[in-house]
Structure formats: structure tokens, C-alpha cells
Amino acid sequence: MQNGVTLTDAIGDTVTMRARWEVSDDREPVDELLAAAYSVDGPDANRELYARWADTYESGFIADSRYIYHDQVAAVFVAHGCDALGPDDVVVDVGCGTGLAGAALRARLHVAIDGLDISPEMLHQASLKQHDDTPVYRRLIEADLTQPLDIPTANYAGAISVGTFTHGHVGPAAMTELVRIIRSGGRAAIGINAAHFDTIGFGDVLDELVRAGLIRDLQLVHVPIYDDTDMDDPDHVGRVATFEVAPPSA
């Protein structure tokens, strides 16, 4: 444990949520967990929620909701200049959860991936993810995104995030720290719940990062979160902020 960040070798996922699905077994109803996820307040509440949810997260919520957000954001990452990454480069999956986003990215791109999440139970599930009989993740990191990260500046060639920047989770203030750990020229694809984006000012923060010369080539790509998403419903749409980390100004 280093300043609240635990490093372990392994794998990873992530997610967002929607209220309407029930389960027929003894698991907690998905709609109740989803409502709890959207209303959690603070890191301790997040840890408690995902400790309860980790074992059935994919078999329940992901399957029942026909969640496709991880595939959508991974495709955006690869499509926006990330094809130049090689197997020696490392991408960080921010809020990796059970490893769905990392697995989706690894299926598209031969690149090393580190996973970062606040929940040790979700990270355990992520550690089970494999691609071609190899762990999806090079390393798993337990960390709180609302605090400074004990990760070197310019440590990663890129970043992906799915389902972390949503209601009750992480706000736009974390974007500066995320940009810090990506190297100059590195690319990011950060999925942000569209309703959350509008409510708490992600656009202003991203525009300020551009004005400050920290990022460039900012684009917003709208993607569905679920297989049957109504693209007019902002709670079911992700705005994927894709950008390049700018080189230091002279």
C-alpha cells in the first residue's frame, strides 16, 4: 500500500447503470443497486456498494441490461489515433471495475493495460479476465480517483474510461489528474454519462484544459450505453471525450 494505492499483478472492467431490471434469484434487484449507484456519496459508499455487487455485476446488471458501453468506448479509442500504439506501450483503464472495458480494448488492440479502481472486490473480478489465455491486465491498482494518484507523471501512453464519470461517482475535477498521468502525444477516450456531463460542467473543464494547452484535438463522440438505447435520453447515452495530451509548452 502506497499512499492509499495498492499495486498487484493481474487484469480489469467498468460500468454504468440504469433502473428497470429485476432478477429472479436471491441476488439484490438490479434496479435497487442501480439506484444506489447513482446516489452514492463519497469513496466509502462506493466501496460498500461494489463490495456487494462485484460477484453478480456481470451475470446480473450487464447481462440483463444488454450493456454495450465498454465495447463502444473501446472502439472509439482505437478509431481516434490509437492504432499507432504497440505491445510495449501501456494504457490505463480508469475505473476498470470487473474488466469489461479492458477486455474489449485488448480484443481490438495488442497493448499492455493497467486497471485502476476503488473497489478491491471489483478488481478481483478483473483479475480473472483473460485474452488468448493471457491476463488482460498487466497490473491492477486500487485507488480513489477523487484524490491525487500515486502514479508518475506521463506514465501511460493512453487512457480509457467507461462508466466511472457518471452520477454518484467521479466528477470533472478528476480530469486534470487523469491528463497528468498520460504522456505527451498520448490519447484518451473517456466515457461520460451525457446527463452527468451537462449537469456538473464537464464541458467547461475540458474547454479549460484545451485553453491551458494541456490537451488538444478534443472531440465528443456520442455512443449508446445499452443495446436498445434511446439516444434522446441522456441517461442512456455516453459522451466519449477523445483527445490528445499536448506537449509541454516551450
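Below is a table of values for the structure above.
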{"read-out": "Helices (runs of 4 or more DSSP H) contained entirely in segment 124-216, each with at least 3 residues that are more than 16 Å from the chain's Cα centre (by Cα)", "value": "194-200, 202-211"}
{"read-out": "Residue 107 being within 22 Å of residue 179 (Cβ to Cβ) and without any contact (Cβ under 8 Å) to a residue 40 or more places away in the chain", "value": "no"}
{"read-out": "Residues (among the aliphatic types (A, V, I, L, M), at pLDDT 95 or above and crowded, with 17+ Cβ neighbours inside 10 Å) located in segment 144-161", "value": "149, 151, 157, 159, 160"}
{"read-out": "Breaking point among (1) among the aliphatic types (A, V, I, L, M); (2) within 24 Å of residue 223 (Cα to Cα); (3) surrounded by 24 or more Cβ atoms within 10 Å (Cβ to Cβ), for residue 107", "value": "(3)"}
{"read-out": "Residue list for segment 212-250, filter: surrounded by fewer than 14 Cβ atoms within 10 Å (Cβ to Cβ), modelled with pLDDT of 95 or more and closer than 20 Å to residue 153 by Cα", "value": "212, 213, 216"}
{"read-out": "Checking residue 227 against (1) in contact (Cβ under 8 Å) with a residue 40 or more places away in the chain; (2) farther than 23 Å from residue 96 by Cβ, the condition it does not meet", "value": "(2)"}
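Conditions tested, residue by residue: (1) of a type in the set (A, V, I, L, M, F, W, C); (2) touching a helix residue (DSSP H, G or I) at 6+ places or on another chain (Cβ under 7 Å).
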{"site": "166", "(1), (2)": "no, yes"}
{"site": "177", "(1), (2)": "no, no"}
{"site": "186", "(1), (2)": "no, no"}
{"site": "198", "(1), (2)": "no, yes"}
{"site": "204", "(1), (2)": "no, no"}
{"site": "207", "(1), (2)": "no, no"}
{"site": "211", "(1), (2)": "no, no"}
{"site": "231", "(1), (2)": "yes, no"}
{"site": "234", "(1), (2)": "no, yes"}
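The values are calculated or read from the model by the stated rules, or taken from the named source; none is laboratory data. Treat the numbers as computed from the prediction; the structure is a model and nothing was measured. Neighbour counts run over all protein chains shown; Cβ positions are idealised from the backbone, glycine included.
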